[in-house]
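The values are calculated or read from the model by the stated rules, or taken from the named source; none is laboratory data. Just so it is clear, the structure is predicted and the values come from calculations on it, not from any experiment. Heads up, the Cβs are rebuilt from the backbone with ideal geometry, glycines too, and the neighbour counts pull from every protein chain shown. For accessibility, only protein heavy atoms count, side chains too; no ligands or nucleic acids. Shrake-Rupley method; radii C 1.70, N 1.55, O 1.52, S 1.80 Å.
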Amino acid sequence: MIRSSPILNCINYIHERYSNISNGQVATYIPELAKANPDFFGICITTPDGQTYEVGESQHSFTIQSISKPFVYGLALADHGVDKVMSKVGVEPTGEAFNSIIFDEVYNRPYNPMVNAGAIATTALIKGNGYEQRFKRILTMFEEFAGRSLSIDEEVFQSEKSTGHRNRAIAYLELNAGMLEGNLDEHLDLYFRQCSILVTAKDLAIMAATLANNGINPITQQKVVNPKEVRAILSVMASCGMYDFSGEWMYRIGLPAKSGVGGGIIAVLPGQFGIGTFSPPLDERGNSVRGIKVCEELSQQFKFHLFDSHPVSQTCVSRTYTGAMVSSKRQRRVFQRDFLDQESEKILVYELKGDLYFATLEKLTRQLQNHQPTPQFIILDGHRVGNVNSSAITLLSEIKEWCLNQEIILFLTGFEDKIKVSLQANDWQNEMFINNVDAALEWCENHLLSEGNQQNITVTDQLLLEDMDIFKAFTTEEMAAITPLFTEVFYQPDDFIVCEGEEAKRLFLLAKGRATVSLKLPQSEERKRLTTYIPGIAFGELALFDIDISQRTADIMADTEVVCYVLEFARLKTLLNTHPEVYIKLLQTFGKSLVNTIKRATLEIRSLSV
Ligand code: GLN
């Protein structure tokens, strides 16, 4: 139990502030209820992740009374579906007291399930074989909402059963009008009994939090009702839950709520919390006086009103860039790099963030459509995305259709599996999902390269020294001076070509096979792959420019059989003496390739701040 927190301080303060209010009367029309202690006062708030804040008599039991109504309504909906239930009970507020004897004459049904007439008709709908089984179903449902076993106050039950003439009269009128079917006494007993279930303010808060949590009990994690029933329950609570005070309640407090003559109130802020309050003295409409005050104060202090300060929808795009600004981490030959520098503008990446819903996706749709020139590939990266609601799923599918019509290839990367599943139900093919942006960029680059006939030369052949990118601009004479300096070295798969920490004394030109640069992760056997080298490129050349003896910063391992042309830095000195101009050209070429690498990195960094 939480003993101190800012939230708790706040409810403590509210509890203290209203505990002296002496307005209101404890209900007496059910004789047993008159015994309630008017001073008892409990407040409890539960969040959808199961945190509970409680003060006062939050664990004192009292009868649930009318707060049972929305929950039983949910059960009736689950039993019969909306159409059948709607034909028996409407959803219009009456503006009348909870026990008023009025019916919707046009549709021959009680007005709504939150007043007695509607609640009796609702309970009459609960399925089951006889009284015991039907009540067992009702009680079990309440126990699942509360997350614990509950009992009945037999005295209150008998008290209402023997004095509830008005409710009995309502039921007879309904029977007479054909609004009720079946055994009237059984229905009434069920109704009186559901009203006599004992709960605490804490139970009510957990029940309300279950509604706030889309029907999943935040303590037990059990799924108690379907989201569509939650929606129905909250809707009738919002429009009719506080009887003839419902309009003003919505206006002042702005939360779906339900009260009972036992002194309880529940209120729900969907997605955020459930409130349960307990204080027996009622106002003339049958709502707990202190309960209303507590909810009003909380709503004002924290701006809980459903229509309070709506966050105006933000953009869901955190960053956009083209493939020309950020390339995949895959190594490319210089001719490929040059080609991709020209072509990869056609790859458009949108990194998304936050929640995807109608308003944020509508903005994204516009941005995609207005992008000039029309891209050939769009990558939507969702690794920072939060919730994705169903209208966002619909709009994403519209984006997919639009891409199809525009002949744009679309990929989604980094989205959570559950979003993938919802999209697949909307006709998205598996191939449209790629794990991460880098892999998607690589796919698009490969596609561009193959369209432009710029694929790799078959890697099974060993490249000659003069085929290396670095020697592109070297003449035969220059090559003749350089070639003797290199030695050919062979590696087997998994051999270390370079070890982290070792002294850097040579550079490598990869002639055949593949080699991977990886870092050993601290406190783990795992390695993080940084890049994979392909034939034709140089590595280890950085050390050439490091004046002090430098150390290798990562491991490089052979993935396959590998052949490298290796140049010991010490041997370069010979070149300086014999062919100084070739020596300078070599250094310049390496320098230029490093400059290109830095330029690309700068471009990528710049894309981070756009
Ligand atoms: N059992 C009570 C009745 O039917 C419930 C009324 C209420 O809580 N408003 O009168």
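Of everything in the stretch 178-187, what is within 16 Å of the ligand (Cβ to nearest atom) and open to solvent by 40 Å² or more (accessible area, probe 1.4 Å)? Give them in sequence order. If the condition is that a residue be within 16 Å of the ligand (Cβ to nearest atom) and open to solvent by 40 Å² or more (accessible area, probe 1.4 Å), then Asp185 is the only one that fits.
Looking at this structure, is Ile101 over 30 Å from Ser299 (Cβ atoms) and of a type in the set (Val, Ile, Thr)? Spelling it out, Ile101 is indeed over 30 Å from Ser299 (Cβ atoms) and of a type in the set (Val, Ile, Thr).
Residue by residue, here is whether (1) within 15 Å of the ligand (Cβ to nearest atom); (2) surrounded by fewer than 20 Cβ atoms within 10 Å (Cβ to Cβ); (3) without any contact (Cβ under 8 Å) to a residue 60 or more places away in the chain holds:
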site	(1), (2), (3)
Gly128	no, yes, yes
Ile138	yes, no, no
Phe142	yes, no, no
Ser149	no, yes, yes
Phe157	yes, no, yes
Ser162	yes, yes, yes
Asn176	no, yes, yes
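In the stretch 39-58, of all residues being hydrophobic (A, V, I, L, M, F, W, C) and part of a loop (DSSP other than H, G, I, E, B), the one that is most open to solvent (accessible area, probe 1.4 Å) corresponds to Phe40. From the list Thr360, Thr320, Thr315, Thr365, the one residue that fits, being in contact with a Cys (Cβ under 6 Å, 6 or more places away or on another chain) and among the hydroxyl-bearing types (Ser, Thr, Tyr), is Thr360. Among what's in the stretch 188-228 and is open to solvent by less than 10 Å² (accessible area, probe 1.4 Å) and touching a Leu at 6+ places or on another chain (Cβ under 7 Å), pick the residue that is nearest to the ligand (Cβ to nearest atom). Ranking the candidates gives Ile197 first. Taken together, Glu466, Glu488, Glu445, Glu477 contain a single residue that is out of contact with any Phe, Trp or Tyr (no Cβ under 8 Å at 6 or more places or on another chain), open to solvent by 40 Å² or more (accessible area, probe 1.4 Å) and either at pLDDT 90 or above or under 28 Å from Leu567 (Cβ atoms) (or both), which is Glu477. Taking the conditions (1) outside any loop (DSSP other than H, G, I, E, B); (2) in contact with a strand residue (DSSP E or B) (Cβ under 8 Å, 6 or more places away or on another chain); (3) within 28 Å of Asn446 (Cβ to Cβ) in turn, Thr360 satisfies each one other than (3). Residue-level check: of (1) crowded, with 16+ Cβ neighbours inside 10 Å; (2) of a type in the set (Lys, Arg); (3) within 16 Å of the ligand (Cβ to nearest atom), Arg166 misses just (1).
Counting only helices (runs of 4 or more DSSP H) wholly contained in the stretch 119-212, the ones carrying 3 or more residues that are modelled with pLDDT of 95 or more and within 27 Å of Arg231 (Cα to Cα) occupy 130-146, 184-195, 201-212.
For first residues located in the stretch 249-264 and under 28 Å from Glu32 (Cα atoms), partners that are of a type in the set (S, T, N, Q) and in a helix (DSSP H, G or I) and lie 6+ apart or on another chain with Cβ distances below 7 Å form the pairs Lys258/Ser66; Ser259/Ser66; Gly260/Gln65; Gly260/Ser66; Val261/Gln65; Val261/Ser66; Gly262/Gln65.
Yes/no matrix, rows are residues, columns are (1) crowded, with 20+ Cβ neighbours inside 10 Å; (2) within 11 Å of the ligand (Cβ to nearest atom):
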position	(1), (2)
Leu234	yes, no
Cys240	yes, no
Gly247	no, no
Ile253	yes, no
Lys258	yes, yes
Gly264	yes, yes
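Residues in the stretch 59-107 that are assigned to a loop (DSSP other than H, G, I, E, B), at positive phi and open to solvent by less than 10 Å² (accessible area, probe 1.4 Å): none. Taking the conditions (1) over 30 Å from Trp249 (Cβ atoms); (2) out of contact with any strand residue (DSSP E or B) (no Cβ under 9 Å at 6 or more places or on another chain); (3) at pLDDT 90 or above in turn, Tyr321 satisfies each one other than (2).
Given the criteria touching a residue at least 12 places away in the same chain (Cβ under 8 Å), charged (D, E, K, R) and within 24 Å of Lys329 (Cα to Cα), does Glu500 qualify?
Values: touching a residue at least 12 places away in the same chain (Cβ under 8 Å): yes; charged (D, E, K, R): yes; within 24 Å of Lys329 (Cα to Cα): yes.
When the stated conditions are applied, Glu500 passes them.
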